[in-house]
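Structure, as structure tokens:
The values are calculated or read from the model by the stated rules, or taken from the named source; none is laboratory data. Small disclaimer: the values here were computed from a predicted structure and weren't measured. Quick reminder, even Gly has a Cβ in these numbers, built from the backbone with ideal geometry, and neighbours come from all protein chains shown.
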Amino acid sequence: MIDMGENDSRILLIYTGGTIGSVKDNDSGALVPIDFSEIHRHVPELEQPGRSIESASFEPPIDSSNMGPEHWKLLAQIIRDHYVDFDGFVVLHGTDTLAYTASALSFMLEGLRKPIILTGSQLPIGLPRTDGRENLLASVEIAAAMRLGKPIIQEVAVYFGSSLFRGNRTHKASAESMQAIISPNLPALAEAGVDIIYNDAQMFQDPVETFALWDTLESNVAWLPLFPGQPIDVIRRVTEWPELKGLVLSTFGSGNAPSNPEFKAALSEAHDRGVVMVNVSQCGHGAVHPERYATAHLLRDCGVIPGGDMTTEAALTKLMVSLGKGWKGEDMRSAMLHNLRGELTRYSSLVS
Ligand code: ASP
């Protein structure tokens, strides 16, 4: 802990695992996690006047490929349990599934009035060329940033490669670049150059005023990307899974799918069994527009809900949290079509 005074802004750093918190072991050459309670020894610049930082760590830290709903729940509970004691939270996370965790947290945490900033790095914090140091320091600065006595960011966001993005808009786009995380459908919430410039027009504040945690998630969901020539048996294996509660379909272009009667039958049967199906585009950028092509009408006729410009990460985690809340029928349809946490922008054309 770095203790600096009673009126300092208080930030909780939570290390879950991943490259950012690791150093190279001199003997084996393997990446090993640092003792996170010693983080300020690795990054002494964390010590700044007017700020006090405490740290917590997953025990043991995990590679983000091993993250799942139980870990999201643990993370969200740590935030809930310390919500009143801190001004902001910085979560250090592996980059591989960072966009899923950020999306899940955004739907699990309701009525946020404080920043939850997730970050990671491509190179370990212990290496000279690391991007982890800047990502960590800027994330802490953003988590501590206030205007007129209120946190500037009041949502779940991801800082990476000089940009701050809405968490549920992010996607890992590169295994190589220092700008590995992108926000394909929404401009950055802030850009860090010489100064950190906030993009006020993009900020989200939850209209719900009371802070709450929704930590029951439905895991019996599936993600089905379509491809030309896909055997109908594969589709049926997924849609006929008896436990299936929710399905994200990644379709072509602006939400199109093959006009195949067997495909239509498989989806209609799943819909009749109460499976909630959401259509997102497999394009890296843009939205589903069910009104544009006959090949998209088919999906609508089978009860598939257009997911607008949601990322797959957002659609899947929104489904998991919404199903976990017990939403059904029209409530569920309306939740998927509308903006809960700033995860979609073009819903007005979808709802009409
Ligand atoms: N495999 C690592 C993880 O996601 C990669 C990283 O940290 O960037 O945990």
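Among the listed residues ALA188, ALA180, which satisfies the condition of being small (Gly, Ala, Ser) and without any contact (Cβ under 8 Å) to a residue 60 or more places away in the chain?
Just a single option satisfies the conditions, and that option is ALA188.
Given the residues GLU70, GLU59, which is the only one that is surrounded by fewer than 15 Cβ atoms within 10 Å (Cβ to Cβ) and closer than 19 Å to ASN220 by Cα?
Within the list GLU70, GLU59, the selection yields GLU70.
Which ones in region 248-268 are closer than 27 Å to GLY324 by Cα and in contact with a Ser or Thr (Cβ under 7 Å, 6 or more places away or on another chain)?
Hits for region 248-268 are VAL248, SER250, THR251, GLY255, ALA266, LEU267.
Only one residue in PRO225, PRO290 is in contact with a strand residue (DSSP E or B) (Cβ under 9 Å, 6 or more places away or on another chain) and at pLDDT below 95, so which one is that?
PRO290
Which residues, taken from region 281-300, are in contact (Cβ under 8 Å) with a residue 60 or more places away in the chain and surrounded by 14 or more Cβ atoms within 10 Å (Cβ to Cβ)?
Hits for region 281-300 are GLY286, ALA287, VAL288, HIS289, PRO290.
Keeping to region 31-55, report how many residues are surrounded by fewer than 18 Cβ atoms within 10 Å (Cβ to Cβ) and aromatic (Phe, Trp, Tyr).
0
Take the residues in region 145-161 that are of a type in the set (Gly, Ala, Ser) and over 18 Å from ASP96 (Cα atoms); name whichever of them is modelled with the lowest pLDDT.
Among residues in region 145-161 that are of a type in the set (Gly, Ala, Ser) and over 18 Å from ASP96 (Cα atoms), the one modelled with the lowest pLDDT is GLY149.
In the list SER163, SER121, SER174, SER183, which residue meets the criterion of being more than 23 Å from LEU344 (Cβ to Cβ) and either crowded, with 16+ Cβ neighbours inside 10 Å or more than 19 Å from the chain's Cα centre (by Cα) (or both)?
SER121
Taking region 130-159 as the region of interest, how many residues are small (Gly, Ala, Ser) and within 16 Å of the ligand (Cβ to nearest atom)?
The number of residues fulfilling the criteria is 2.
For a quick check of your reading of the model, give me the residue pairs whose first member lies in region 7-19 and is more than 11 Å from HIS82 (Cβ to Cβ), whose second is outside any strand (DSSP E or B) and among the small types (Gly, Ala, Ser), with beta-carbon atoms closer than 6 Å and at least 6 apart or on different chains.
Close Cβ pairs (under 6 Å, with a partner that is outside any strand (DSSP E or B) and among the small types (Gly, Ala, Ser)) amount to ASP8/GLY50; SER9/ALA144; TYR15/GLY21; GLY17/GLY94; GLY18/SER64; GLY18/GLY94; GLY18/GLY120; THR19/SER121.
When you go through (1) more than 11 Å from the ligand (Cβ to nearest atom); (2) part of a helix (DSSP H, G or I) one by one for ASN26, which number turns out not to apply?
Every condition holds for ASN26 apart from (2).
What number of residues in region 200-211 are loosely packed, with under 14 Cβ neighbours inside 10 Å and either of a type outside the set (Ser, Thr, Tyr) or part of a strand (DSSP E or B) (or both)?
Of the residues in region 200-211, 5 are loosely packed, with under 14 Cβ neighbours inside 10 Å and either of a type outside the set (Ser, Thr, Tyr) or part of a strand (DSSP E or B) (or both).
One line per residue, one yes/no per condition, for (1) away from the ligand (no atom under 16 Å from the Cβ); (2) among the basic types (Lys, Arg); (3) out of contact with any helix residue (DSSP H, G or I) (no Cβ under 6 Å at 6 or more places or on another chain):
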site: PHE58; (1), (2), (3): no, no, yes
site: ASP63; (1), (2), (3): no, no, yes
site: ARG80; (1), (2), (3): yes, yes, yes
site: VAL90; (1), (2), (3): no, no, no
site: THR97; (1), (2), (3): no, no, no
site: MET108; (1), (2), (3): yes, no, no
site: PRO128; (1), (2), (3): yes, no, yes
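Does LEU137 satisfy the condition of being touching a residue at least 24 places away in the same chain (Cβ under 8 Å), surrounded by fewer than 20 Cβ atoms within 10 Å (Cβ to Cβ) and among the aliphatic types (A, V, I, L, M)?
Criteria met by LEU137.
What pairs can you find where one residue is in region 93-122 and among the charged types (D, E, K, R), the other is within 11 Å of the ligand (Cβ to nearest atom), and their Cβ atoms are less than 8 Å apart, with a gap of 6+ or different chains?
That search, which allows pairs on different chains as well, returns ASP96/GLY18; ASP96/ASP63; ASP96/SER64; ASP96/SER65; ASP96/LYS172.
Restricting attention to region 4-23, which residues are in a loop (DSSP other than H, G, I, E, B) and out of contact with any Pro (no Cβ under 9 Å at 6 or more places or on another chain)?
GLU6, ASN7
For region 114-125, does any single residue satisfy the condition of being modelled with pLDDT under 95 and in contact with a strand residue (DSSP E or B) (Cβ under 8 Å, 6 or more places away or on another chain)?
yes
Is it true that LEU217 is surrounded by 14 or more Cβ atoms within 10 Å (Cβ to Cβ) and touching a Pro at 6+ places or on another chain (Cβ under 9 Å)?
yes
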